[in-house]
Amino acid sequence: MNIHTTLPAWCRFLFVSFLIFLVQLPLSAAAQVSGNFKYTDNGTTITITGYVNKPTDSLIIPSSIIGKPVTILGTYAFYSCSGLTSVTIPSSVTSIGESAFQRCSGLTSMTIPSSVTSIGIYAFQRCSGLTSVSIPSSVTSLEFGVFSLCSGLTSVTIPSSVISIGESAFDGCTGLTSMTIPSSVTSIGGYVFQNCKNLRSVTIPSSVASIGSGAFQYCSGLRSVTIPSSVTYIGGAAFQYCSGLTSVTISSGVNIIQSYAFRFCTSLTSVTIPSSVTYIGSYAFIGCTGLTSVTISSGVTNIGQAAFSGCSGLTSVTIPSSVSSIGDSPFANCSILTNLNVNAANPNYSSVTGVLFDKWITTVLQYPSGKIGGYTIPNSVASIGAGAFSGCTGLTSVTIPSSVNSIGRSAFISCKGLTSVTIPSSVTSIGDSAFRYCSGLKSVAFKGDAPASLDLSIFDSTASGFTVYYFNGATGFTSPTWQGYPSVNMGAVSPVKPWLLSKGLAYDADLQSIPNNDGVPLLMAYALNLDPTTNLSSNMPKPTLAGNQMSLPFYAGSEGVTYSVESSTDLKIWSTAEVTLGAPDANGIRTATLPANGTSAFMRLRISQ
């Protein structure tokens, strides 16, 4: 008879449960007690699994129970025995299990016999009273978190038998002041010495091939580090927040410096990236405010996003010809950086007046944050890269040419000196936070339609009264508000109106007015690209005489203006007949010349809109 098909469902459940109980009962019975020790017997050896009553003071672990050797201190065997002050482990023991003494916070003395060949993960974690440990030469690896958070630990002896130090092995051992890693060790795991804030010196042997992620992060007491040539890989955040680190020597041999490797090492003053390195990860040196010198050797092919962002002590950086990839905002917020120089042989990137571009000058990649004043973006540029002007607090104005079609995310974020920006009609995309935190920005004038791609955060945290301006016929705008910002329709299209806004004047100001009583009307100031908020009486174009030629240089690049130069001998009759007008130079300057034949001659500049 098949009992499973004849019994009701609830009976079958009880029957199966009873069978499970019958099967489990012998396993539970295998756990036995000798004195205060709980143990299991595999027939030949004993594993201590626990304690009947938590031990206090000193504890001597027996070498045998019921005539059989004690070889294993099992998982959680003495877990959280906080009253335990010392332990004697017999030489019969070969293995200390996972978390065997974890949270034994009162433990101050521990001798590990040379018979022990393995120590499990977290075996001594949070033994905060433990002051010194000597690892026997029978042990070949230190496992995950084995001594982590042993805050009282001041001395550790690691024998030459150990070849690997696992992740977080000494994480949070704040009492450690120095560490010598034996030459047998080939790898330092992730977070091994994380939060060892009083660790002042560490010796990394030439046997080590890799330093794991976060290995020394938050070791704020560390003063200097030499990374031997055997190391090929420095893991992410390996020395992050080592704020006391003043010197780091990266030997040739290292190939990869991962992301955040030296992030916020604020005392680091100089670093040389050897030619063996090909990859500098994103944010690798971000926030190294004390860094005044960086040498990037030829060999580096990749500089990650924001790799040196916030390095406020840098004034100049040279990018070698080997670099083929640069992430966004590589040198953003470097507040005194004025020059980014690219080796002329680099096939991918170029620099013009210290500004970083792609090779063909079609994308602005990084404008040095230390530059002060206004900037005119070259007419060849089609896009402004993400974070290209990030943190350029000294930037007072920017001229965006009609060649530009996209402005990347965070392109001008935190440019606090900007007061007005004009967006050409060619721009169809503006990335998120593009003008965020531009606390001085009072107006943005759009020459064309609202960009099809637009994030609502682009003008967050701008100046009080910030207003968006646009022209008649432009699509995508609304008034009196647009996208939550105050907006104004300026009426008929005119290039002068955005210029007036950029000077802090009303867009409909009378162009014949003379705001400074200096004799220069607003239209003339616009035509000559002069600042009408200052006295211009001494800044007007003046003719000069050299040899037999009179010359008159003047700015002739303002949109919508017609320029002409005339000559006269009597100030009554004026003509352009004898005047030769040169082509504009790269800065929009034209020079008019007139032969000087010994008679009186006069030159004048006329403009019309």
- request: Specify whether the C-alpha gyration tensor of segment 437-500 places it in the rounded, prolate or oblate class, a ≥ b ≥ c being the square roots of the eigenvalues: rounded for a/c under 1.5, otherwise prolate if a/b is larger than b/c and oblate if not.
  value: oblate
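May I ask what percent, to the nearest 5, of DSSP beta bridges between residues of the chain are antiparallel?
Numbers: 38 of 110 bridges.
Once the DSSP bridges in the chain are tallied, antiparallel ones form about 35 percent.
Taking the mean number of other Cβ atoms within 10 Å as a proxy for protection, how do you rank 147-157, 203-213 from highest to lowest?
Going from most to least packed, we get 147-157, 203-213.
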- prompt: How far apart, in nm, are two points set 7 Å out from the Cα along the Cα-to-Cβ line at S164 and at D570?
  reply: 10.2
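Ignoring everything except DSSP H segments at least 4 long, calculate the 222 nm mean residue ellipticity for the chain; use -39,500 (n - 2.57) per segment, divide by total residues, nearest 500. Display every interim value, and only then the final one.
Numbers: 4 runs with 38 residues, N = 609.
That comes out to -2000 deg cm²/dmol.
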query: Rounded, prolate or oblate: which fits segment 143-291 when a ≥ b ≥ c are the square roots of the eigenvalues of the alpha-carbon gyration tensor, with rounded for a/c under 1.5 and prolate only if a/b beats b/c?
result: oblate
query: What shape does segment 270-337 take by its C-alpha gyration tensor, where a ≥ b ≥ c are the square roots of the eigenvalues and a/c under 1.5 counts as rounded, a/b above b/c as prolate, and the rest as oblate?
result: prolate
query: Which links in K447/K503; K447/K497; K371/K497; K416/K497; K371/K542; K503/K542 stretch past 21 Å when you go from one Cα to the other?
result: K371/K497; K416/K497; K371/K542; K503/K542
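Strictly greater than 43 Å: what percent of every Cα pair in the chain meets that? Numbers along the way, then the final one.
Details: 91756 of 185136 pairs.
It works out to 50 percent of all Cα pairs.
For the chain, what is the charge dipole size about the Cα centre, in debye to the nearest 20, if Lys and Arg each add +1 at the Cβ and Asp and Glu each add -1 at the Cβ? Please list the in-between numbers first.
Working: 24 positive and 21 negative charges, 157 e Å.
The dipole of the chain has a size of about 760 debye.
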- request: Name all residues of segment 412-426 having a backbone nitrogen under 19 Å from the label point set 7 Å from the Cα of A509 along its Cα→Cβ direction, giving them as ranges.
  value: 418-423
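Hey, got the dipole for segment 447-605? About the Cα centre, +1 on K and R Cβ, -1 on D and E Cβ, debye to the nearest 20?
Values: 7 positive and 12 negative charges, 54 e Å.
For this selection, approximately 260 debye.
In square angstrom, what is the accessible area per residue of the chain with a 1.4 angstrom probe?
Numbers: 25840 Å² over 609 residues.
Ligands and nucleic acids excluded, the result is 42 Å² per residue.
Pop the C-beta distance of T376 and S178 into the FRET formula with R0 = 60 Å and round what comes out to the nearest 0.05.
Numbers: r = 56 Å, r/R0 = 0.93.
The value I calculate is 0.60.
Carbon and sulfur together cover what percent of the accessible area of the chain at a 1.4 Å probe radius?
On the way: 13390 of 25840 Å².
Here it works out to 52 percent.
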- prompt: Rule-of-thumb check for segment 320-374: C-alpha Rg over 2.2 N^0.38 Å?
  reply: 1.07
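Would you tally the net charge around P424, using a Cβ to Cβ cut-off of less than 13 Å, leaving P424 out, and scoring K and R as +1, D and E as -1? Don't skip to the answer; put the middle values down first.
Numbers: positive: K447; negative: D449, E559.
In short, -1.
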query: If we sort 512-524, 160-172 on the protection proxy, mean other Cβ atoms within 10 Å, highest first, what's the order?
result: 160-172, 512-524
- prompt: Based on the Cβ-Cβ distance of S403 and T475, what FRET efficiency does E = 1/(1 + (r/R0)^6) give at R0 = 22 Å, to the nearest 0.05?
  reply: 0.50
field: Distance in nm between pseudo-label sites at S206 and T111 (7 Å out along the Cβ direction from Cα)
entry: 3.8
field: the chain: angle of helix 9-29 to the longest principal axis, Cα-based, in degrees nearest 10
entry: 70
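The values are calculated or read from the model by the stated rules, or taken from the named source; none is laboratory data. Since the model is a prediction, treat every value here as computed from it, not as a measurement. As a convention, Cβ positions derive from the backbone with ideal geometry for all residues, glycine included, and neighbour counts pool all protein chains shown. Protein only, heavy atoms only, side chains kept; ligands, DNA and RNA dropped before computing areas. Shrake-Rupley method; radii C 1.70, N 1.55, O 1.52, S 1.80 Å.
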